Amino acid sequence: MTENQVRAALARVIDPEIRKPITELDMVSGVEIDADGGATVNIRLTIAGCPAATRIETDVREATESVVGAGLARVVVSVMTPEQRRAMTEKLRGGQGARTLQFSPDSLTQIYAITSGKGGVGKSTVTANLAVALAARGLRVGIVDADVYGFSIPGLLGLVTPPATPGGQSGMVKPTQVGDMILPPIGFDVKVISIGMFVDDTSVAVAWRGPMLHRTITQFLTEVYFGDLDILLLDLPPGTGDIAISVGQLLPHAEVIVVTTPQPAASDISERSGAVARQTGQKIYGVIENMSGLMQPDGTLLEIFGAGGGAEVAARLSAGQDSPVPLLGQVPLSVALRTGGDTGLPVVLGDPADPAAAAIQAIAGTLATRGRGLAGLNLGISPR
């Protein structure tokens with residue numbers, strides 16, 4: 001048994017917040033082989049009071065014992081110095097500054113801005129379930145809850161904390177801050193950031209105007225460390241206001257998915273949200289029709305809100321684009337979908353056989369198999 005064998009085992013221990021091996025994060029400060037055949041491992045946590053401390057210590061002990069034997073591992077825990085934290089965050093950012101936009105046009109992360117013309121169409125519920133369905137397929141997924149006024153993504157993904165007093169207000173899981181870097185909480189393998197995580201009382205309305213909203217979205221995209229994502233979803237507020245314009249300015253390469261319902265009133269308004277995206281240079285990728293009908297016991301579909309709205313929006317938004325805007329899917333009304341939103345267990349996991357879950361899974365399958373081309377990207381290499 002050698003120190004290298006122990007370190008090789010420790011390389012399999014993943015920090016649950018940063019999602020990288022602790023050896024890569026310089027969290028292992030020393031390994032000593034003891035005279036009794038055991039090993040002492042010194043680890044340093046990123047911050048004092050690290051919420052993942054117990055799990056990391058347990059994983060380190062188990063990894064070490066897999067080499068030296070049960071009961072022969074000792075773990076000594078300390079905390080990084082400010083200089084060590086700074087070195088780690090710079091390493092994670094790849095040498096980029098703290099104020100650098102993570103998802104530049106050269107990024108391989110596929111970015112989808114989920115929007116709607118009006119509220120109440122189930123946009124956030126669709127976004128949360130899509131993200132979980134994509135993560136379940138093995139993709140690295142993040143969500144920016146950009147709906148500052150009506151933030152709901154944390155609750156939909158179970159990232160809530162119990163009330164401090166009986167009958168009190170539930171809170172939301174808070175991000176961990178390491179120096180000037182914010183680590184987003186993770187729900188069902190999806191990294192999530194939301195303004196609701198920074199508000200002490202979630203029952204109090206967020207009453208901000210344009211400059212403050214733009215600053216918040218900018219901070220989410222620069223100071224929150226998402227790591228290497230395959231897909232980033234932005235849950236935009238309904239309408240065509242300041243945040244939609246800010247996202248268009250910050251992420252002009254993002255593609256837009258419009259969520260609508262079958263009735264003509266919602267369809268007309270949804271077309272406007274797509275038009276604003278096009279004005280900022282974004283491409284409209286597709287349309288999702290939610291609440292498309294209620295499945296009956298005999299297998300028929302009761303079209304409570306009418307029919308054809310999604311297809312109509314897709315047809316209208318196709319004008320002016322190089323390729324037609326497709327109708328990505330139709331998600332039926334579902335009690336299980338609503339219940340999952342209330343309890344924080346997405347229907348794609350809680351009731352995968354439900355028709356709504358099946359429809360969302362099909363849309364996720366389309367997104368998951370869509371690779372991003374390298375044309376026009378800076379690959380960081382030059383010919384010799």
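The values are calculated or read from the model by the stated rules, or taken from the named source; none is laboratory data. Small disclaimer: the values here were computed from a predicted structure and weren't measured. Heads up, the Cβs are rebuilt from the backbone with ideal geometry, glycines too, and the neighbour counts pull from every protein chain shown.
One table, with the values for the structure above:
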read-out: Output for segment 115-143, where each listed residue is among the aliphatic types (A, V, I, L, M) and either at positive phi or at pLDDT 95 or above (or both); value: V126, A128, L130, A131, V132, A133, L134, A135, A136, L139, V141, I143
read-out: Whichever residue in segment 276-318 is small (G, A, S) and either under 24 Å from Q249 (Cβ atoms) or not assigned by TED's automatic domain parsing to the domain that holds T261 (or both) and, among such residues, is farthest from the chain's Cα centre (by Cα); value: G281
read-out: Residues being of a type in the set (K, R) and without any contact (Cβ under 8 Å) to a residue 24 or more places away in the chain - total across segment 1-21; value: 0
read-out: In segment 123-139, the residues that are in contact with a strand residue (DSSP E or B) (Cβ under 7 Å, 6 or more places away or on another chain) and assigned to a helix (DSSP H, G or I); value: K123, S124, V126, T127, L130, A131, V132, L134, A135
read-out: Flag if P184 is modelled with pLDDT of 75 or more and in contact with a Gly (Cβ under 9 Å, 6 or more places away or on another chain); value: yes
read-out: From G248, G239, G210, residue being assigned by TED's automatic domain parsing to the domain that holds R278, modelled with pLDDT under 85 and closer than 22 Å to S104 by Cα; value: G248
read-out: The lone exception for M295 - which of (1) among the hydrophobic types (A, V, I, L, M, F, W, C); (2) surrounded by fewer than 21 Cβ atoms within 10 Å (Cβ to Cβ); (3) touching a helix residue (DSSP H, G or I) at 6+ places or on another chain (Cβ under 7 Å); (4) closer than 25 Å to S246 by Cα it fails; value: (4)
read-out: Spans of helices (runs of 4 or more DSSP H) in segment 263-363 with at least 1 residues among the basic types (K, R) and under 20 Å from T125 (Cα atoms); value: 335-343
read-out: Residue satisfying all of: in segment 319-356; buried (at least 18 other Cβ atoms within 10 Å of the Cβ) and under 19 Å from the mean Cα position of the chain (by Cα); modelled with the lowest pLDDT among these; value: G341
read-out: Lone qualifier among S273, S203 - being at pLDDT below 75, surrounded by fewer than 20 Cβ atoms within 10 Å (Cβ to Cβ) and either among the hydroxyl-bearing types (S, T, Y) or not assigned by TED's automatic domain parsing to the domain that holds M172 (or both); value: S203
read-out: Selection from segment 125-152 of residues that are crowded, with 24+ Cβ neighbours inside 10 Å, of a type in the set (A, V, I, L, M) and under 17 Å from G196 (Cα atoms); value: A128, I143, V144, A146
